[in-house]
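Heads up, the thing below is written out as C-alpha cells.
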Amino acid sequence: MRLQKNKDLFAKIAQQYNSWYEDPVNRCMDRQEKAAVTDALKGTGYRANLLEVGCGTGHWTEFFLSKGFQTTGLDISDEMLRVARSKEMKSAHFIQGDAHKLPFEDETFDICAAITLLEFVDDPRKVISQMYRVTRPGGRIIMGVLNKYSIVGIRRMLKPGKTIFSDAHFFSFRELQETLSKFGRSRIMGSTFCLPWEWALPYANVIEEFGRLFVPFWGTFLVGVLFKDNR
Ligand SMILES: C[S@@+](CC[C@H](N)C(=O)[O-])C[C@H]1O[C@@H](n2cnc3c(N)ncnc32)[C@H](O)[C@@H]1O
C-alpha cells in the first residue's frame, strides 16, 4: 500500500520541502504553474469555498487564500500539516485525512483542487470520484500533475538514487484527458515550459507562450479542469 509509504516518505522530507523554492529555476516553474492554475480558476466566484486535497506544507493553500478563496487543506501526513499550520494562515483550516475517502458530505465545496497529489496515490480514479462527490453542481475540480513527456519530468524520473519521485506515477496529457473525461466535461492545459537551466531564464516567458500555444502536451505541469455541470 502506498498510503503508509507516503506517510513515511513525506514525514521525512516535510522540513526540507519548501527549500525547493530557493532555486531560481524552481521559482520560475512555480510562477508558471500558478499562472496556469489562475487560468483554471477563471470564472469562479470570489470567496468560493475551496478544498485543497494533498495540501502538504500549505504552499498552494497560501496561493488559494491570496486569490480570495475560503480554503480547507487536507493531507495524509501529520508532519506536512505541521509545517502548513506553522505558517499561521489565519483563515485556512487544515485536516488530516485520506484522499480516497474524503471526510466531507456530498456537494460541500465550490472547487476541489489537488496539486501534484495524483502521482502519489494508490487509486487516482477513486480520488477524483471523491473530489467529484464533494464538489457542488456548477463547481469544478482542478488537477495539477507532472507530465511524463516533458524535459523536467524525464529528468526527475531518471534521477539516480531514491527521490520522492522514485515511485510516483507521472501522467501524460492524453492520460489525464482520458481519466477526467470519464467523469464529465473537462479541459486540459499544458504549462511550465521553463527549461531546467539558469541561462534559459531570460527566455522563460517567450518559451512559455510558445509552448502553451503549440506544444501543450510537452509542458512540465498539466492542469486538468473537470466541470461538474448543474443537473
Ligand atoms: C508532492 S506533495 C504536494 C504537496 C502540495 N500540493 C504542493 O504542491 O506543495 C504530495 C502530497 O500529497 C500527500 N498525500 C499523498 N497521498 C495522500 C492521500 N492518500 N491522501 C491525502 N494526501 C496524500 C502527501 O502527504 C504530500 O503532502
If you scan region 98-115, which residues turn out to be in contact (Cβ under 8 Å) with a residue 60 or more places away in the chain, in contact with a strand residue (DSSP E or B) (Cβ under 6 Å, 6 or more places away or on another chain) and within 15 Å of the ligand (Cβ to nearest atom)? Ile111, Cys112, Ala113, Ala114, Ile115
Scope region 40-96; condition more than 14 Å from the ligand (Cβ to nearest atom), more than 17 Å from the chain's Cα centre (by Cα) and of a type in the set (A, V, I, L, M, F, W, C); matching residues: Ala48
Contact list please: Cβ distance under 8 Å, first residue in region 1-29 and within 24 Å of Leu201 (Cα to Cα), second residue open to solvent by 70 Å² or more (accessible area, probe 1.4 Å), pairs at least six apart or on different chains. Tyr21/Arg27; Pro24/Glu198; Val25/Trp197; Val25/Glu198; Asn26/Trp20
Exactly one of Phe170, Phe165, Phe120 is open to solvent by less than 10 Å² (accessible area, probe 1.4 Å) and either within 16 Å of the ligand (Cβ to nearest atom) or more than 12 Å from the chain's Cα centre (by Cα) (or both), and that one is Phe170
What is the one condition in (1) open to solvent by less than 40 Å² (accessible area, probe 1.4 Å); (2) at pLDDT 95 or above; (3) in a loop (DSSP other than H, G, I, E, B) that Lys101 does not satisfy? (1)
Answer yes or no: is there a residue in region 63-84 that is β-branched (Val, Ile, Thr), over 30 Å from Pro196 (Cα atoms), touching a Leu at 6+ places or on another chain (Cβ under 9 Å) and open to solvent by less than 20 Å² (accessible area, probe 1.4 Å). yes
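From Gly139, Gly190, Gly184, which residue is more than 25 Å from Gln15 (Cα to Cα), away from the ligand (no atom under 16 Å from the Cβ), open to solvent by less than 40 Å² (accessible area, probe 1.4 Å) and part of a loop (DSSP other than H, G, I, E, B)?
Gly184
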Residue match in region 65-82 (condition: assigned to a helix (DSSP H, G or I), closer than 20 Å to Ser19 by Cα, of a type in the set (A, V, I, L, M) and in contact (Cβ under 8 Å) with a residue 60 or more places away in the chain): yes
Which residues, counting only those in region 13-51, are open to solvent by 60 Å² or more (accessible area, probe 1.4 Å), touching a helix residue (DSSP H, G or I) at 6+ places or on another chain (Cβ under 8 Å) and within 23 Å of Asp98 (Cα to Cα)? Gln15, Tyr17
Can you confirm whether region 152-165 contains a residue that is hydrophobic (A, V, I, L, M, F, W, C), assigned to a loop (DSSP other than H, G, I, E, B) and touching a Phe, Trp or Tyr at 6+ places or on another chain (Cβ under 9 Å)? yes
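The values are calculated or read from the model by the stated rules, or taken from the named source; none is laboratory data. Since the model is a prediction, treat every value here as computed from it, not as a measurement. We place every Cβ from the backbone using ideal geometry, glycine too, and count neighbours over all the protein chains shown. Just so you know, the surface numbers come from the protein's heavy atoms only, side chains and all, with ligands and any DNA or RNA stripped out. Shrake-Rupley method; radii C 1.70, N 1.55, O 1.52, S 1.80 Å.
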